[in-house]
Amino acid sequence: MNTSVQNAKASRLKSLPKAEVHLHLEGSFGASLIAQWARLEGVSLPRPQEDLFKFSGLADFLGFLDLACGLACTTDRLVELSYGLSQRLADNGTGYADVIFNPTHWHAWHGRLGAMLEAIDAGFTQAEQDGLPSVGLCVSLLRTQSADAAIELVDMLTTMRHPRVVALSVDGNEAAAGRTGPRFADAFRRATNAGLRRTVHAGESSGPEGVWDAVELLGADRIDHGVRAIEDPALVRMLADRQIPLGICPTSNLVLRVYPSMQEHPIERLRAAGVPVSVNTDDPALLDASLVGEYALCQRTFGWNDDVTRSVAHTSIEASFANEDTKAKLLGALATW
Ligand code: ADE
Ligand code: ZN
């Protein structure tokens with residue numbers, strides 16, 4: 001495809017009214033920012049800057065998050081990061097995003113969740129005042145945390161009731177943690193009772209059993225990834241029957257080696273089976289993914305036409321935790337795309 005056709009397709013996809021429901025604040029650092037902050041903090045990086053984002057898999061990747069997030073040790077840096085994430089959303093024509101934020105990765109802020117939320121909120125508020133898209137925060141547990149730590153986090157969130165926080169999430173490495181649905185069930189129940197929504201990483205580093213647990217034990221409104229549900233036909237039927245949406249991140253699944261190629265990626269099979277799917281970037285800067293690029297990748301690989309593209313964008317908006325007003329505006333704009 002020549003460059004002008006590619007550019008025309010990209011600008012059409014940028015104009016597609018859509019939400020993003022699976023991306024992490026932890027994944028929004030550029031390499032040059034990390035290198036600059038590492039120099040200022042006297043921290044040495046594990047690899048040269050040009051190889052910084054070469055990961056051998058999820059475990060390596062999650063370890064890197066601790067290093068990168070550890071550098072964001074001041075309010076100004078958090079404001080810069082959250083504002084920059086909003087800018088990235090606008091660059092892709094994203095109307096709203098649910099952003100996952102996992103306090104465990106940010107060492108400098110341990111024990112200061114309130115201050116940390118205020119700093120992140122300040123960046124997003126400034127961005128919204130400058131006309132950039134609105135954002136809800138999904139505060140995340142790490143799969144390897146204890147049941148007590150999970151309850152402690154939820155109790156803090158329900159005491160603070162910060163208006164930016166829309167959901168409880170859990171992310172991290174299920175392969176390293178084993179089956180943890182039962183461990184987090186109480187924390188998720190408390191979050192539900194406090195009016196928080198629920199989004200759960202599963203079916204990436206776990207197989208279908210992780211997705212079953214997310215639905216049955218954690219009451220997930222939405223599954224982050226969920227792609228390995230494809231290995232269990234009964235699970236695919238359940239997700240379709242109950243219309244539980246999956247926030248799928250194709251490039252992430254390739255880079256972190258969940259699938260060897262797009263041809264083997266199950267997003268199209270899940271969609272065709274009636275499971276609501278959206279496309280997302282996961283950790284856009286670290287994995288070199290853009291939302292427009294993810295839609296283009298699926299169009300190229302699976303021949304998605306405008307109708308399919310529109311229906312996936314529709315799912316992204318419906319599956320989001322945006323307020324009804326924001327959803328109605330985006331859906332109205334989508335109808336005339
Ligand atoms: N945290 C950031 N990105 C993640 C991913 N892809 N899986 C699990 N935890 C994550
Ligand atoms: Zn993720």
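Output the qualifying pairs, or none if there are none: Cβ atoms under 9 angstrom, residues six or more apart or on different chains, first residue in the stretch 49-69 and among the hydroxyl-bearing types (S, T, Y), second residue open to solvent by 50 Å² or more (accessible area, probe 1.4 Å) and more than 10 Å from ligand 1 (Cβ to nearest atom).
S56/R257
Quick check on the stretch 71-91. Is at least one of its residues within 16 Å of ligand 1 (Cβ to nearest atom), open to solvent by 70 Å² or more (accessible area, probe 1.4 Å) and at pLDDT 95 or above?
yes
So A185 passes all but one of these: (1) surrounded by fewer than 24 Cβ atoms within 10 Å (Cβ to Cβ); (2) among the aliphatic types (A, V, I, L, M); (3) assigned to a loop (DSSP other than H, G, I, E, B). Which condition number does it fail?
The single condition A185 does not satisfy is (3).
Just the residues that are assigned to a helix (DSSP H, G or I) and either touching a residue at least 60 places away in the same chain (Cβ under 8 Å) or open to solvent by less than 10 Å² (accessible area, probe 1.4 Å) (or both), please, taken from the stretch 7-30. Let's see the steps before the verdict.
Restricting attention to the stretch 7-30, the residues satisfying the condition of being assigned to a helix (DSSP H, G or I) are 7-14, 25-27.
Matches in the stretch 7-30: K9, A10, L13, K14, L25, E26, G27.
I'd like to know if the stretch 227-243 contains one or more residues that are open to solvent by less than 10 Å² (accessible area, probe 1.4 Å) and either within 14 Å of ligand 2 (Cβ to nearest atom) or at positive phi (or both).
yes
Among all residue pairs at least 6 apart or on different chains, which show Cβ distances below 8 Å where the first residue, located in the stretch 276-295, is under 19 Å from P17 (Cα atoms) and the second is part of a helix (DSSP H, G or I) and of a type in the set (F, W, Y)?
Final answer for the pair search is V279/Y295.
For the stretch 304-337, what are the residues that are open to solvent by less than 30 Å² (accessible area, probe 1.4 Å) and under 14 Å from R197 (Cβ atoms)?
A319, S320, F321, A322, K327
If the requirement is being open to solvent by 30 Å² or more (accessible area, probe 1.4 Å) and either of a type in the set (S, T, N, Q) or within 16 Å of ligand 1 (Cβ to nearest atom) (or both), which of these qualifies: T251, T301?
Testing whether each residue is open to solvent by 30 Å² or more (accessible area, probe 1.4 Å) and either of a type in the set (S, T, N, Q) or within 16 Å of ligand 1 (Cβ to nearest atom) (or both) leaves just T301.
Can you confirm whether R198 is modelled with pLDDT of 95 or more, among the basic types (K, R) and either under 30 Å from Q49 (Cα atoms) or open to solvent by 40 Å² or more (accessible area, probe 1.4 Å) (or both)?
no
What strands (runs of 3 or more DSSP E) completely inside the stretch 205-322 contain at least 3 residues that are of a type outside the set (S, T, Y)?
Passing ranges, in order: 222-225, 246-248.
In the stretch 165-176, which residue that is of a type in the set (G, A, S) and part of a strand (DSSP E or B) is surrounded by the most Cβ atoms within 10 Å (Cβ to Cβ)? Reasoning before the result, please.
Filtering the stretch 165-176 for residues of a type in the set (G, A, S) gives 167, 169, 172, 175-176.
Checking which are part of a strand (DSSP E or B) leaves us with 167, 169.
Working: A167: 22, S169: 27.
Here the answer is S169.
Among the residues of the stretch 31-68, write down those that are part of a loop (DSSP other than H, G, I, E, B) and open to solvent by 30 Å² or more (accessible area, probe 1.4 Å).
G42, V43, S44, L45, P46, R47, P48, F53, K54, S56
I need the full set of residues from the stretch 156-196 which are without any contact (Cβ under 8 Å) to a residue 40 or more places away in the chain and at positive phi, in order please.
Residues satisfying the conditions are R161, G178, G195.
The values are calculated or read from the model by the stated rules, or taken from the named source; none is laboratory data. This one's a predicted model, so the numbers in the text were calculated from it and none came from an experiment. Cβ coordinates were reconstructed from backbone atoms using ideal geometry, including for glycine residues, and neighbour counts include every protein chain displayed. For accessibility, only protein heavy atoms count, side chains too; no ligands or nucleic acids. Shrake-Rupley method; radii C 1.70, N 1.55, O 1.52, S 1.80 Å.
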